[in-house]
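Participant: Structure in structure tokens, see below.
The values are calculated or read from the model by the stated rules, or taken from the named source; none is laboratory data. What you see is a predicted model, and the numbers here were worked out from it, not measured in a lab. Using ideal geometry, Cβ is built from the backbone for each residue, glycine included, and neighbour counts are taken over all protein chains shown. Keep in mind that these areas ignore ligands, DNA and RNA; they rest on the heavy atoms of the full protein, side chains included. Shrake-Rupley method; radii C 1.70, N 1.55, O 1.52, S 1.80 Å.
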Amino acid sequence: INVTDVNYPPSLTAANFNVQETATVGTLVGTITAFDPDTGQTLTFAITNGNTNNAFSINNNGQISVASTLNFNTQAVYNLTIEVSDNGNPIQTTSNSFTINVLDAITPSDFPYQVNFQDPNTVPPSGWIRDFGQAYGARTG
């Protein structure tokens, strides 16, 4: 009787991550949790779907990093498919879905109006609150 060891596929736990849209290239977003039941296996990770404009990268430690400039107004959510493979014979592969939420940062372009409240000739847009209930213009108290 011969007993042959079988290579089992690795497992990959789905997760959600958040990252600020101002995160610079190289910023760590999160780490993927993977496990291979066969001892001594080396795992390799790859993003196989949903990585618009190659916004993210993943290394062989399962660490997801920012790979290009993010913009909340262009894309606020990335639904990535990440695959993990072992180095057994035959190679086994598993994939799972991961969501990365890009968090909006307040930037000057978010404010289309520029108002100088010290200039009595500048009138704020309709509906803006007056300064301490006084008429617009220089403060009197």
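Participant: Quick one: in the range 93-107, of everything that is under 16 Å from the mean Cα position of the chain (by Cα) and under 14 Å from Thr13 (Cα atoms), which residue is least open to solvent (accessible area, probe 1.4 Å)?
Facilitator: Checking each candidate, the answer is Phe98.
Participant: For the structure I just gave you, tell me whether Asn79 is over 24 Å from Pro10 (Cβ atoms), modelled with pLDDT of 95 or more and surrounded by fewer than 17 Cβ atoms within 10 Å (Cβ to Cβ).
Facilitator: Taking the combined requirement at face value, the residue does not satisfy it.
Participant: Go through the residues of the range 35-45 one by one and say whether even a single one is surrounded by 13 or more Cβ atoms within 10 Å (Cβ to Cβ) and among the small types (Gly, Ala, Ser).
Facilitator: Checked against the condition, which is being surrounded by 13 or more Cβ atoms within 10 Å (Cβ to Cβ) and among the small types (Gly, Ala, Ser), the range 35-45 yields no hits at all.
Participant: Moving to a separate point now. Would you check if there is a residue in the range 114-124 being modelled with pLDDT of 60 or more and within 22 Å of the chain's Cα centre (by Cα)?
Facilitator: Looking for residues that are modelled with pLDDT of 60 or more and within 22 Å of the chain's Cα centre (by Cα), one finds none in the range 114-124, hence no.
Participant: Filter the range 7-25 down to the residues that are part of a loop (DSSP other than H, G, I, E, B) and open to solvent by 80 Å² or more (accessible area, probe 1.4 Å) and list them by number.
Facilitator: Correct list: Tyr8, Thr22, Thr24, Val25.
Participant: Right, here's the next one. Could you figure out which of (1) closer than 23 Å to Asn18 by Cβ; (2) surrounded by fewer than 16 Cβ atoms within 10 Å (Cβ to Cβ); (3) aliphatic (A, V, I, L, M) isn't true of Val66?
Facilitator: Answer for Val66: the failing condition is (2).
Participant: Still on this structure: Consider only pairs whose beta carbons are under 6 Å apart and that are at least six residues apart or on different chains; among these, list those whose first residue lies in the range 48-62 and is without any contact (Cβ under 8 Å) to a residue 60 or more places away in the chain and whose second residue is open to solvent by 80 Å² or more (accessible area, probe 1.4 Å).
Facilitator: Close Cβ pairs (under 6 Å, with a partner that is open to solvent by 80 Å² or more (accessible area, probe 1.4 Å)) amount to Gly50/Asn79.
Participant: Would you mention how many residues in the range 1-43 are among the aromatic types (Phe, Trp, Tyr) and within 30 Å of Thr69 (Cα to Cα)?
Facilitator: Number of matching residues: 1.
Participant: If you don't mind, another one. Give the residues of the range 82-92 that are modelled with pLDDT under 95 and surrounded by 13 or more Cβ atoms within 10 Å (Cβ to Cβ), sorted by residue number.
Facilitator: Matches in the range 82-92: Gly88 only.
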